[in-house]
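Below is one structure, written out as structure tokens, with a few remarks after it.
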Amino acid sequence: MSKKKGLSAEEKRTRMMEIFFETKDVFQLKDMEKIAPKEKGITAMSVKEVLQSLVDDGMVDSERIGTSNYFWAFPSKALHAKKRKLETLSAQFSEGNQKKENLQQSINQAKIGRQDTEERTVLSKELTSLRQRKEQLKAELEKYKECDPDVVEEIHNIFAIKSWAKKKFGFEESKIDKNFGIPEDFDYID
């Protein structure tokens, strides 16, 4: 007792195209709704949807004449569509190969003068050493930052403004620090 498996959307599209190619005729929707289930096993309920998808993809032509819609597709049209698609893909492939070749040339040019030589190795080690020394000096400079005249001036200004705000408005020092993002360990320098 196995259930019959339904056709996939692509199988339905292929079978519907076979109707057009085999008959080389023009059909109305109601004709397709009768022919497709009998000859190709496409359910009548899905004929309109499949037909519309083929029209949307340009594989089937349609024209409204009076109150009726007519549908047709000829093998030559499908062949031309496939040839155009092949030409487009071939052009894209060629373009992709050209880009790849250009990038490879750029890589090869960039490698010139960058071969590992003894001099390059020595210079690379020296560069690493100088970068480490720079970081050490930055850390040492950070220690003496408090002695920088500009920093000292800023600190004096901050304390002067805090003192003025306390006298003028009666603010608590902790609230001033909190509202202006002044750290708790901020100390006055003499």
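The values are calculated or read from the model by the stated rules, or taken from the named source; none is laboratory data. None of the values given here were measured: they were computed from a predicted structure. Reconstructed Cβ throughout: ideal geometry from the backbone, glycine too, with neighbour counts over all protein chains shown. Accessible surface is based on the protein model in full, side chains and every heavy atom, while ligands, DNA and RNA are left aside. Shrake-Rupley method; radii C 1.70, N 1.55, O 1.52, S 1.80 Å.
Structure notes:
- Solvent-accessible area of the chain (1.4 angstrom probe, protein heavy atoms only): carbon and sulfur portion equals 54 percent.
- Helix content alone sets the calculated 222 nm mean residue ellipticity of the chain: runs of n ≥ 4 DSSP H residues at -39500 (n - 2.57) each, divided across all residues, give -22500 deg cm²/dmol.
- Taking the charge dipole of the chain about its Cα centre, with +1 at Lys and Arg Cβ atoms and -1 at Asp and Glu Cβ atoms, the residue from ASN157, LEU86, ASN97 reaching farthest to the positive side is LEU86.
- Heavy atoms of the protein chains alone define the surface here; on that basis the range 1-120 has 79 Å² accessible area per residue at 1.4 Å probe size.
- Over the range 33-84, volume per residue of the alpha carbon convex hull, in Å³: 95 Å³
- Structure remark: mean-square fluctuation, Gaussian network model of the chain, C-alpha springs under 10 Å; the largest value among VAL152, VAL26, VAL55 belongs to VAL152.
- From largest to smallest, the equivalent ellipsoid semi-axes obtained for the range 94-190 from the alpha-carbon gyration tensor read 57, 24, 9 Å.
- Take every Cα pair under 8 Å whose residues are at least 6 apart in sequence, average their separation, divide by the length of the chain, and the relative contact order is 13 percent.
- With at most 11 neighbouring Cβ atoms within 10 Å, loop GluC sites (Glu not before Pro) (DSSP) excluded, longest segment of the chain: 1-171
- Here the chain is assigned +1 on the Cβ of each Lys and Arg and -1 on the Cβ of each Asp and Glu. Its dipole about the Cα centre then comes out at about 1580 debye.
- log10 of Debye I(q)/I(0), alpha-carbon scatterers only, for the range 1-144 at 0.11, 0.15, 0.17 Å⁻¹: -0.64, -0.91, -0.98
- Helix runs (DSSP H) in the chain reaching 18 Å along axis by Cα, Kyte-Doolittle at least -0.5: 44-56, 149-169
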